[in-house]
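Here, each number is a calculation from the coordinates, and none is a lab measurement. This structure is a prediction, so every number in the text was calculated from the model and none was measured. Cβ placement follows ideal geometry from the backbone for every residue including glycine, while neighbour counts extend to all protein chains displayed.
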Amino acid sequence: MVIAFAMIAAALFSAQYLASGAEQSLDRGTGWLGADLILVPEDSGAASEATLLTGQPSMFFFNDTGFGAVSEVPGIARVSPQILIASLSSQSCCSGYVQVIAIDPATDFSLTRWLDTEYGVPLGKDGIIIGSAIEGDIGSDLRFYGHPFHITGKLVPTGMGGIDSAVFIRIEDAMVMAAESPEKAVKPLAIPAGMVSWVLVQLEPGASPGDTGMLVRQHMPGTRVITPAGLSTIVTGHLSGTILFLHAAAIAVALAAVPVLLIVSVVLARELNEEVTLLGALGVTRAFVLRLILAESFAASVLGALAGIGAAFLVLVAFQDLIAFSLGIPFSIPSLPALILATGWAFLLTLMLGGLLSLYPTYRVLRSEPYRAIHT
């Protein structure tokens, strides 16, 4: 009984935990970016979404240099272009490829805002800001395409791979790195002159993301518009199958366990009749017997719920990076209120199931002659 209740509680807790962790990570990541819209080339939609959500390195560019016209679209307050550069493998900071993001400090409104708040200094020549998942200490050096960079800051974890697994440099330094790469790097880096990978957009107060996005596509054909709401829909879609599976697993375990638990209930009812006879001889009251029966019937569900929730939490924390990568979602440990909600949800439903399964043996005891013979 304890094992059955543990499996049910673990599945219910895991579903709520995954949903909360993904939602909060996405909120933190998009809040850090501070962009209402992200403009990307139309043929790079899947790659750009993977880069944002999980930090999967990619490299693409608009087909022309006319991205500056987007600032003239009604409703747009600020724009900031960025260049995505996929590093070569076997960097000293990481086991695989790294996403390098080149920013324009003059127009940037995400990283520079964080730098002003955290350090009070701008991103200087050959300076680099690394995400929380990148190995390296402030003051040490990293090389990309043979060009040395100096780590001047490290971001706090957000749970969004596009930030935590990225490194940020200036566009000016990226151009120097590309120019030097034929001589210093194993493979040369080519950055088309005047072209960018995506453009972060801040809207004017009251401007509609949907309407403004339509105007952007009219001004810049071949552009795809990504919004925080759109990213949330993508994450929900990636999670829906897993959450549905977990809920189905909980129901399947409950249904499979019902016949066994009913048999146990019948045996328990017979044992309780013998106990009630003995307790009646000892002079206990009916109220005491009823409390004892209910306490025993809920013991298995309580122990199972605690064991299942605890085991699920340990597994989810230990494999959270693998979970995020496998599902293609941003993910981190949910906040304490979210954990309490997930725990309470799983615990309550497991106890309710335990209560339902305790009805039969309780009913049998209340109808038995030994119980009726006990004084009130």
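Under a 5 Å amide H cut-off, with hydrogens placed 1.01 Å from N, residue 198 pairs with 82, 84 among residues at least 5 apart or on other chains. Sequence-ordered 3J(HN,Hα) estimates for the range 168-180 from the Karplus curve with 6.51, -1.76 and 1.60 and θ = phi - 60° stand at 10, 9, 7, 4, 4, 5, 5, 5, 5, 4, 5, 5, 7 Hz, glycine and proline given as x.
Secondary structure note: in the range 37-226, about 75% of the DSSP beta bridges are antiparallel. Here, the range 37-226 has an Rg and a Dmax of 16.4, 50 Å when only alpha carbons are counted.
Of the GluC sites (Glu not before Pro) in the range 34-139, the ones in a loop by DSSP (not H, G, I, E or B) with at most 15 other beta carbons within 10 Å are 135. Karplus-derived 3J(HN,Hα) values for the range 133-145, using 6.51 cos²θ - 1.76 cosθ + 1.60 with θ = phi - 60°, are 8, 8, 6, x, 10, 4, x, 8, 10, 10, 10, 10, 6 Hz; glycine and proline are entered as x.
Sequence-ordered 3J(HN,Hα) estimates for the range 45-56 from the Karplus curve with 6.51, -1.76 and 1.60 and θ = phi - 60° stand at x, 5, 5, 5, 5, 5, 5, 5, 7, 10, x, 5 Hz, glycine and proline given as x. For the options 216, 156, 201, a Gaussian network treatment of the chain with springs between C-alpha atoms closer than 10 Å singles out 156 as fluctuating the most. Starting from the Cα gyration tensor of the chain, take the square roots of the eigenvalues, sort them a ≥ b ≥ c, and report rounded, prolate or oblate (rounded when a/c is under 1.5, otherwise prolate if a/b is larger than b/c, else oblate). Prolate. Would you please give the residues with an amide H less than 5 Å from that of residue 224, counting only those at least 5 places away or on a separate chain, with H modeled from the backbone geometry? When sequence neighbours closer than 5 places are left aside, the close amide H contacts are 40, 42. For the range 37-226, averaging the sequence separation of C-alpha pairs within contact (under 8 Å, six or more residues apart) and dividing by the residue count gives a relative contact order of 35 percent. Of all beta bridges that DSSP places with both ends in the chain, some 75 percent have antiparallel geometry.
Residues whose amide H lies under 5 Å from that of residue 140, counting only those 5 or more places away or on a different chain, are 151; hydrogens are built 1.01 Å from N in the peptide plane. Taking Lys and Arg as +1 and Asp and Glu as -1, the other residues whose beta-carbon sits under 15 Å from that of residue 122 total -4.
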